[in-house]
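**Q** Dropping the structure in here first, questions after.
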Amino acid sequence: MSSNASNEARVVPLRPVPPAGEAVREPLWRQLVGDVLRRERLGQERTLKEVAEEARISMAYLSEIERGRKEPSSEVLAAAARALGLGLSDLLDRAQRELYRRRPARAVSALGRAAAARPGAAGRGPVPPTAMVRLAA
């Protein structure tokens, strides 16, 4: 080792932070869902193997889902959620809350401006994460 080398540890972020001034991207849905599944599994102190067996999916596939690398079907998500004692709606609600929590600051201010511009919306602020969107039939 060179005598000029630093003795400090080099930190490499898992998800690189964009340089100042560069647009911050919102997380992908698969990343949010994977994070929720992993957090719930670890909170229950269960292994990948235990949950994968109960969900009847491979351990490798569950790992890929948790890391946000795969876009699982709704059936696979429901099975993974059930194995953790959650309903599919619980999993999706938690992922939505996580998305709301992680959204970039500029999205928050734009949402607040849009809400304030609606008639009768003055003073209500941003839409809460539990707000439902009604789609036309």
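**Q** Working only within region 34-74, note down all residues that are in a loop (DSSP other than H, G, I, E, B) and either of a type in the set (Phe, Trp, Tyr) or touching a residue at least 40 places away in the same chain (Cβ under 8 Å) (or both). Step through it out loud before you land on a result.
**A** In the first step, residues of region 34-74 are kept if they are in a loop (DSSP other than H, G, I, E, B); the result is 44-47, 56-58, 67-73.
If the condition is that a residue be in a loop (DSSP other than H, G, I, E, B) and either of a type in the set (Phe, Trp, Tyr) or touching a residue at least 40 places away in the same chain (Cβ under 8 Å) (or both), then Gln44, Gly68, Lys70, Glu71, Pro72 are the ones that fit.
**Q** Return a yes/no flag: does region 116-131 have any residue that is in a helix (DSSP H, G or I) and either of a type in the set (Gly, Ala, Ser) or modelled with pLDDT of 90 or more (or both).
**A** Just the residues of region 116-131 that are in a helix (DSSP H, G or I), to begin with: 116-117.
Now restrict to residues that are either of a type in the set (Gly, Ala, Ser) or modelled with pLDDT of 90 or more (or both): 116-117.
Checked against the condition, which is being in a helix (DSSP H, G or I) and either of a type in the set (Gly, Ala, Ser) or modelled with pLDDT of 90 or more (or both), region 116-131 yields at least one hit.
**Q** Evaluate the following for Asp93: is it surrounded by fewer than 17 Cβ atoms within 10 Å (Cβ to Cβ), touching a residue at least 12 places away in the same chain (Cβ under 8 Å) and in a helix (DSSP H, G or I)?
**A** Yes, satisfied.
**Q** Pull up region 16-46, narrow it to residues that are surrounded by 11 or more Cβ atoms within 10 Å (Cβ to Cβ) and among the aliphatic types (A, V, I, L, M), then point me to the one that is modelled with the lowest pLDDT.
**A** Val24
**Q** Next question, about the same structure. Specify which of the listed residues (Leu135, Leu99, Leu111, Leu77) is at pLDDT 95 or above and either part of a loop (DSSP other than H, G, I, E, B) or on the phi < 0 side of the Ramachandran plot (or both).
**A** Working: Leu135 fails: at pLDDT 95 or above; Leu99 fails: at pLDDT 95 or above; Leu111 fails: at pLDDT 95 or above.
From the options Leu135, Leu99, Leu111, Leu77, the qualifying one is Leu77.
The values are calculated or read from the model by the stated rules, or taken from the named source; none is laboratory data. None of these values were measured; they are calculated from a predicted model. Positions of Cβ are generated from backbone atoms using ideal geometry, with glycine treated the same way; all protein chains shown enter the neighbour counts.
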